[in-house]
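To keep things clear, I will list the structure first and then write my remarks on it.
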Amino acid sequence: MSQQGHDERVRFHVDDELGGLEWLSASYVHQRFSRHAHAGYSIALIERGTLGFFNAGADHLAPTDSLILVNADTIHTGHAASTGGWAYRALYPTPEQFEQVWRVLGQPGRRAPWFRSPVVHDPALARRLRALFTLLDRPASRLARDTALHDTLARLMRDHAGMRAAPVEPGTNPRLALVRDRLEQAAEEEIPLAELARLAGCSPAHLVRGFHRRYGLPPHAYQIQARLRRAAALLRQGTTISAAACAAGFHDQSHLHRHFKRARGITPGQYLAQYRARTYKTPSPRER
């Protein structure tokens with residue numbers, strides 16, 4: 001467990017045998033998450049207090065025992081909306097992990113889901129999530145963890161998801177996707193706005209406005225999110241914090257620290273220490 005002051009704590013985990021599945025348990029009072037997105041989905045269970053958050057263009061409240069379902073690559077925030085803050089547990093499955101569930105169910109080719117509502121009240125699913133977190137948090141067998149994860153993801157898709165892509169406003173410039181891909185693929189580079197505007201085939205002003213409407217952030221802020229994902233991947237590969245900051249395009253380690261804490265609720269040092277300490281390996285039969 002990593003302490004973040006007297007009132008805040010967070011534990012971060014990675015299970016390499018479950019496809020690098022990430023999950024965490026956290027308690028926050030003062031943390032305010034900046035606008036950010038995850039490459040995967042964010043599936044959270046509120047265990048205490050109320051979370052206030054922005055997601056997909058609207059503000060929401062998630063009280064105790066509610067579930068939060070944030071689609072992959074969707075801009076969202078988070079802050080305490082009740083006295084004493086909030087506590088939650090969350091997992092971050094990738095679109096590929098949802099698609100694997102379809103393959104196991106004998107429906108290959110079906111796309112990852114699009115969750116209809118960011119806040120749902122489903123006591124049966126909440127119980128499933130609690131049971132899954134219990135298995136993930138202790139040395140259970142891989143088969144038990146695999147089964148619980150599969151059943152939970154299948155239930156999420158069955159009861160709370162549609163099979164459509166994120167809505168796109170009519171008249172949206174289709175070449176904005178090229179700009180997004182450029183920012184993702186060259187996160188560490190200093191890319192001039194004029195270059196991105198040429199890629200989109202429009203003026204810089206139109207690019208900034210259109211990109212913000214389409215992806216929830218202006219290009220420079222979106223690039224920071226891409227850099228954070230790059231830095232996190234480098235940390236998991238064993239890169240030092242200062243080297244990861246430089247390789248991901250941040251000015252220095254303090255620049256990475258500031259953005260990492262605001263977006264992930266944990267510092268790069270805490271992330272790295274907990275990844276090394278908590279990366280889960282299935283115990284051998286002798287250890288069980």
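From zero outward in steps of 10 Å, how is the percent of C-alpha pairs of the chain spread across the bins?
Spelled out per bin, shortest first, that is 6, 26, 35, 25, 7, 1, 0.
Quick one: helix 204-215 against the long Cα principal axis of the chain, what's the angle to the nearest 10°, folded into 0 to 90?
20
Once each part is reduced to its C-alpha centroid, what is the distance from the range 108-155 to the range 27-44 in angstrom?
So the separation of the two Cα centres works out to 19 Å.
How far is helix 268-278 tilted, in degrees, relative to the longest principal axis of the Cα atoms in the chain, given as a value from 0 to 90 rounded to the nearest 10?
Between helix and principal axis, roughly 30 degrees.
Share of Cα-Cα pairs in the range 1-85 beyond 19 Å, in percent? Please list the in-between numbers first.
Numbers: 1465 of 3570 pairs.
The answer is 41 percent, as a whole percent.
Just round it to a whole percent: the fraction of Cα-Cα distances in the range 201-249 exceeding 18 Å. Numbers along the way, then the final one.
Numbers: 508 of 1176 pairs.
Of all Cα-Cα distances in the range 201-249, 43 percent exceed 18 Å.
Taking only Cα atoms, what is the 0 to 90° angle, nearest 10, from helix 219-236's long axis to the longest principal axis of the chain?
40
Values quoted throughout were computed directly from the atomic coordinates according to the rules given, and no laboratory measurement underlies them. This is a predicted model, so every value here is computed, not measured.
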